[in-house]
Amino acid sequence: MTLIKSISGIRGTIGGAPSDNLTPVDVVKFAASYGSWLISAFGKSTVVIGRDARISGPMVSELIIQTLLGLGIDVIDLGLATTPTVEMAVPAELAQGGIIITASHNPKQWNALKLLNAQGEFISAGEGQRILEIAEAGEFTFATVDQLGKRISKDYLTYHIDKILALDLVKPDLIKKANFKVAVDPVNSVGGVAIPELLKALGVDDVVMINGEPTGYFAHNPEPLAEHLGEIASVVKSEKCHLGIVVDPDVDRLCFVSDDGEMFGEEYTLVAVADYYLNHKPGATVSNLSSTRALRDITEKAGQSYFASAVGEVNVVEVMKAQNAVIGGEGNGGIIVPELHYGRDALAGIALFLSHLAEKGVKISSLRSQYPTYQMSKNKAELQAGTDVDMILQKIQEKYKKQPINTVDGVKIEFDQDWVHLRKSNTEPIIRIYAESASLTTAENLTKKILQDIGEIIE
């Protein structure tokens, strides 16, 4: 069982002993520390709360809400809500913060508190560190009976969808005319509520839903990777769908299945939507250092500038703001549309992708063939506890100093169009190793070479 306390929030497995797992004691403690931090910054505060459909969601949500009310904080409870919906509701309500109760792509035994600032964006590293310090010290002062907070229940899905429909590049008329038949797998979570409503608003009437009931009993591993998506791939082919749509439990990651049952590739979700943007609203693009080179390729082909950030949504957003990017995100199928809000948003991604596909008038498999094809190898070096990981990364950097190197987040080494990226974990003694090439064999060989280098350094 696990409890991970980080600067971006708290996540862990349900049950077990406090401080070792995500128990009610831990939920209350961290909700109180977040609420206390808001009060110290703003005084009287309002917080927006929303959750995905996982089994522990109602319990965790109620613990958080009652703790915040006890601090004198008003709560706007969205109930079942996607992560991007909560992010948009925070500034719309002029709230001081938000908490999203979701463990994203983790299995059903996990849950988490994702913490937002007044802009509806993830809190900064410094803010997260302060919240951890408050939790450690137990610096909580609860409200008297006359000062308890108030709770209001609201639904923001319609607001979210209306804002998506108002985007210039979302084309409901074109989508309706294309007469798409779509399969959807929302993996038994809140996407089963949100995606049908979005598709209806976009004029998509022929929808085949699988795993649509938001029970929290995930029909398969909820991370939207090819090895977990055999069922929808079969449905797309057997039902003769134009495409399949897959999201994670909190609907901030998005991937597609092509008409032939093949994976479009979650790395290429952002590539396709960025291509659409660059055709209509040229500007800079941003992804993290571990995302496919294909985004850089299509951006530079369009005569625009590509920028890479450290891994993590908050880092991508920081670079997007600095470069005034028109589109950005992460290679895990996360799309960030600044016109809408600075958060990964699968609902916006669906609307923009369908608009792109309808405008092109081609099959999704044909669209995929228009983009550069790269293969990625993902691996890790498992190390002994106490190993000096920084020393290993420094030695790797020295060995490959003649190659272009980026050290913004670990060490990324470029070899012409190939690359390998090494990052240390903040929670366990491992080095994550991502490599990409036009050939999977070459990418795997790059990884093997780096693993061999690490082995020689340790010996």
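Please work out if I396 is crowded, with 16+ Cβ neighbours inside 10 Å and aliphatic (A, V, I, L, M). Yes, satisfied. With respect to the conditions (1) crowded, with 19+ Cβ neighbours inside 10 Å; (2) within 24 Å of the chain's Cα centre (by Cα), L3 falls short on a single one, namely (1).
Restricting the first member to the stretch 425-436 and to residues that are surrounded by 22 or more Cβ atoms within 10 Å (Cβ to Cβ), and the second to residues that are of a type in the set (F, W, Y) and in a strand (DSSP E or B), the beta-carbon pairs closer than 9 Å and six or more apart or on different chains are Y434/W419; A435/W419; E436/W419. Can you pull out the residues in the stretch 426-456 that are part of a loop (DSSP other than H, G, I, E, B) and either small (G, A, S) or closer than 17 Å to E398 by Cβ (or both)? Once the filter is applied, which keeps residues that are part of a loop (DSSP other than H, G, I, E, B) and either small (G, A, S) or closer than 17 Å to E398 by Cβ (or both), the stretch 426-456 yields A438, S439. Strands (runs of 3 or more DSSP E) fully within the stretch 92-184 that include at least 3 residues being surrounded by 18 or more Cβ atoms within 10 Å (Cβ to Cβ): 97-101, 110-116. Within the stretch 206-236, the residues that satisfy the criterion of being more than 19 Å from the chain's Cα centre (by Cα) and assigned to a loop (DSSP other than H, G, I, E, B) are I210, N211, G212, E213, P214, T215, Y217, A219.
Across the stretch 134-149, the number of residues qualifying as touching a residue at least 60 places away in the same chain (Cβ under 8 Å) and either closer than 23 Å to P24 by Cβ or touching a Leu at 6+ places or on another chain (Cβ under 6 Å) (or both) comes to 10.
In the condition set (1) assigned to a helix (DSSP H, G or I); (2) without any contact (Cβ under 8 Å) to a residue 60 or more places away in the chain; (3) of a type outside the set (K, R); (4) surrounded by fewer than 24 Cβ atoms within 10 Å (Cβ to Cβ), G16 is compliant with all but (1). Would you check if there is a residue in the stretch 262-274 being of a type in the set (D, E), under 16 Å from the mean Cα position of the chain (by Cα) and within 27 Å of E414 (Cα to Cα)? Checking the stretch 262-274: at least one residue is of a type in the set (D, E), under 16 Å from the mean Cα position of the chain (by Cα) and within 27 Å of E414 (Cα to Cα).
Can you run down the residue pairs with Cβ atoms below 9 Å, 6 or more apart or on separate chains, where the first is in the stretch 251-269 and touching a residue at least 60 places away in the same chain (Cβ under 8 Å) and at positive phi and the partner is surrounded by 23 or more Cβ atoms within 10 Å (Cβ to Cβ) and in a strand (DSSP E or B)? Correct list of pairs: G265/C255; G265/F256. Filtering the stretch 60-76 to residues that are in a helix (DSSP H, G or I) and farther than 17 Å from A112 by Cβ leaves Q66, L69, G70.
Which is without any contact (Cβ under 8 Å) to a residue 60 or more places away in the chain, surrounded by fewer than 18 Cβ atoms within 10 Å (Cβ to Cβ) and among the hydroxyl-bearing types (S, T, Y), of S291, S305, S287?
S305 is the lone residue from the list that is without any contact (Cβ under 8 Å) to a residue 60 or more places away in the chain, surrounded by fewer than 18 Cβ atoms within 10 Å (Cβ to Cβ) and among the hydroxyl-bearing types (S, T, Y).
The lone criterion from (1) part of a strand (DSSP E or B); (2) buried (at least 19 other Cβ atoms within 10 Å of the Cβ) left unmet by L352 is number (1).
Pick out the one residue from G79, G50 that is in contact with a helix residue (DSSP H, G or I) (Cβ under 7 Å, 6 or more places away or on another chain), farther than 20 Å from E139 by Cα and assigned to a strand (DSSP E or B).
Selected residue: G50, the only one of G79, G50 that is in contact with a helix residue (DSSP H, G or I) (Cβ under 7 Å, 6 or more places away or on another chain), farther than 20 Å from E139 by Cα and assigned to a strand (DSSP E or B).
Pairing each residue of the stretch 118-133 that is assigned by TED's automatic domain parsing to the domain that holds T83 with any residue that is surrounded by fewer than 20 Cβ atoms within 10 Å (Cβ to Cβ) and hydrophobic (A, V, I, L, M, F, W, C), provided the two are 6+ apart or on different chains, yields C-beta distances under 6 Å for F122/V314; A125/I7; G128/I7; Q129/I7.
Looking at I364, I450, I430, just one residue is more than 30 Å from S258 (Cβ to Cβ), touching an Asp or Glu at 6+ places or on another chain (Cβ under 9 Å) and among the aliphatic types (A, V, I, L, M), and that residue is I430.
Please determine whether any residue of the stretch 82-89 is touching a residue at least 60 places away in the same chain (Cβ under 8 Å), in a helix (DSSP H, G or I) and of a type in the set (D, E). Yes: one or more hits. How about the stretch 7-33: which of its residues are out of contact with any Gly (no Cβ under 7 Å at 6 or more places or on another chain) and among the hydroxyl-bearing types (S, T, Y)? Result: T13, S19, S33. Tell me yes or no: at least one residue of the stretch 237-247 is more than 27 Å from R296 (Cα to Cα), polar (S, T, N, Q) and either modelled with pLDDT of 95 or more or not in a helix (DSSP H, G or I) (or both). Among the residues of the stretch 237-247, at least one is more than 27 Å from R296 (Cα to Cα), polar (S, T, N, Q) and either modelled with pLDDT of 95 or more or not in a helix (DSSP H, G or I) (or both), which makes the answer yes.
Taken together, A322, A358 contain a single residue that is touching a residue at least 60 places away in the same chain (Cβ under 8 Å), more than 16 Å from the chain's Cα centre (by Cα) and over 24 Å from Y159 (Cα atoms), which is A358.
The values are calculated or read from the model by the stated rules, or taken from the named source; none is laboratory data. Since this is a predicted model, take the numbers as computed values, not measurements. We place every Cβ from the backbone using ideal geometry, glycine too, and count neighbours over all the protein chains shown.
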